[in-house]
Amino acid sequence: MSKKIGILTSGGDCAGLNAVIRSVVHYADSLGWEVYGILNGTHGLMSDPPRVRQLTPSEFDGTILRQGGTILGTMNKGNPFAFPCADGTTKDLSDDILKGIKTLGLDAIIGIGGDGSFAILKQLADLGGFNMVGVPKTIDNDLGCTEVSVGFDTAVMVATEALDRLQPTAASHDRVMILEVMGRDAGHIALSAGIAGGADVILIPEIPYSLDSIAEKIQSVKAKGRNFAMMIVSEAVKDENGNPLQKTFADGQKRLGGIGDYLGEKIASKTGSETRVTVLGHTQRGAQPTFTDRMIASAFGVHAVDLIREGEYGRMVAWQNRKVVDVPIADAIATYQEVDTNGTLVHTAKALGICLGD
Ligand code: F6P
């Protein structure tokens, strides 16, 4: 039976989102369905008429598969249940969104998002009775029930390449190089890239650090005759007093940032080493997707369409044991995936002599 489905991207962008959209469009079209791309996440549904455009396979000839970001646009602020107004108050716009979905006459919506977006979409779906399935994406890789989310692999590749590029210049100038990477609450990017990129020190929010341990490691590297040291730190690592390092932007939004500079000064004065800091920022999100992200995104898109075909709603596609499965969205939101401090990667890092700050 022919269907009309919507697809939206929500939360911070990442590499591989376009590959999910492409996969959904091609498979749905082969089933004779219509696909509508909803622009700027749930914000596109708040407008009257809703901001959407029909997506057809001719648009997805392969170029878009290779592109970072999302052709649909996305939003990671403005919760529709408490939408910020110009006068400083908030307004519940959930009814506008539900009206938008009704106007479009969609049989189901595929939401590509992280835990925050899924919590909002699920609340809306429960309230308005619309059908929804989820595709997990986040460079932070902190969503539960899936071993990997779209965007993580590319972010780790970008961070690893940054270490590759910092190492020769660190060696040329006898410096300690600190690379600050993203990861709002979890240290997955720092840990994976740190191992792959040969870091001497990896700091993640899951493991408390002491400046003395870091200084000791740097001195021991020097004592063994190496003239430089490499360090990677997750933006979510706190200062010595347990306070997060944050920046407030002109619109009042707070975002993590600054731990690299903070540690750079401390380490320079403790070890006497010349120290430089690189903040990788959004380059981790806008890069061309790796093969892994393209492959997982494609498989996720197909499975999301299969779920709609079978009428299995309220579920998120997930990657487990080398295949795509699906789980209740509620379970994915409820089980946050931080770095397992007793897991393989922490053990690997320690066995390689990498200092984790403890
Ligand atoms: O959650 C994804 C993420 O990229 C975090 O790693 C980072 O802290 C945050 O989003 C940055 O958000 P923004 O795009 O608003 O700067």
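Considering the range 124-145, and only residues there that are surrounded by fewer than 24 Cβ atoms within 10 Å (Cβ to Cβ) and assigned to a loop (DSSP other than H, G, I, E, B), the residue that is modelled with the lowest pLDDT turns out to be G129. Within the range 114-130, how many residues turn out to be out of contact with any helix residue (DSSP H, G or I) (no Cβ under 9 Å at 6 or more places or on another chain) and farther than 18 Å from C145 by Cβ? Residues that pass the stated criteria total 1. Hey, does the range 14-32 have a residue that's crowded, with 24+ Cβ neighbours inside 10 Å, closer than 15 Å to V150 by Cβ, among the charged types (D, E, K, R) and touching a residue at least 24 places away in the same chain (Cβ under 8 Å)? Yes. Beta carbons closer than 6 Å, at least 6 apart along the sequence or on distinct chains, pair a first residue in the range 137-158 that is in contact (Cβ under 8 Å) with a residue 60 or more places away in the chain and over 13 Å from W319 (Cα atoms) with a second that is assigned to a helix (DSSP H, G or I) and aliphatic (A, V, I, L, M) for I139/A155; A155/I189. All conditions but one from (1) among the small types (G, A, S); (2) in a loop (DSSP other than H, G, I, E, B); (3) away from the ligand (no atom under 16 Å from the Cβ); (4) modelled with pLDDT of 95 or more apply to S2; the one that does not is (4).
The criterion of at least 2 residues that are hydrophobic (A, V, I, L, M, F, W, C) is met by the following strands (runs of 3 or more DSSP E) wholly inside the range 174-251: 175-181, 201-203, 229-234.
Here M230 meets the list (1) surrounded by fewer than 20 Cβ atoms within 10 Å (Cβ to Cβ); (2) of a type outside the set (V, I, T); (3) in contact with a strand residue (DSSP E or B) (Cβ under 6 Å, 6 or more places away or on another chain) almost entirely, failing just condition (1). Can you name the condition, by its number, that F83 falls short on among (1) surrounded by fewer than 16 Cβ atoms within 10 Å (Cβ to Cβ); (2) at pLDDT below 95? Condition not satisfied by F83: (1). Comparison of T275, T292, T271, T283 shows that the only residue that is in contact with a Gly (Cβ under 6 Å, 6 or more places away or on another chain), among the polar types (S, T, N, Q) and modelled with pLDDT of 95 or more is T275. Only one of the listed residues (L104, L121) is surrounded by fewer than 21 Cβ atoms within 10 Å (Cβ to Cβ) and under 24 Å from G37 (Cα atoms). That residue is L104.
Taking residues in the range 55-80 that are within 16 Å of the ligand (Cβ to nearest atom), and partners anywhere that are among the acidic types (D, E), the pairs with Cβ atoms closer than 7 Å and at least 6 places apart or on different chains are G69/D13; T70/D13; T74/D13.
The values are calculated or read from the model by the stated rules, or taken from the named source; none is laboratory data. Quick caveat: nothing in here was measured; it's all calculated off a predicted structure. Cβ sites come from the backbone with ideal geometry, for glycine too, and all protein chains shown count toward neighbours.
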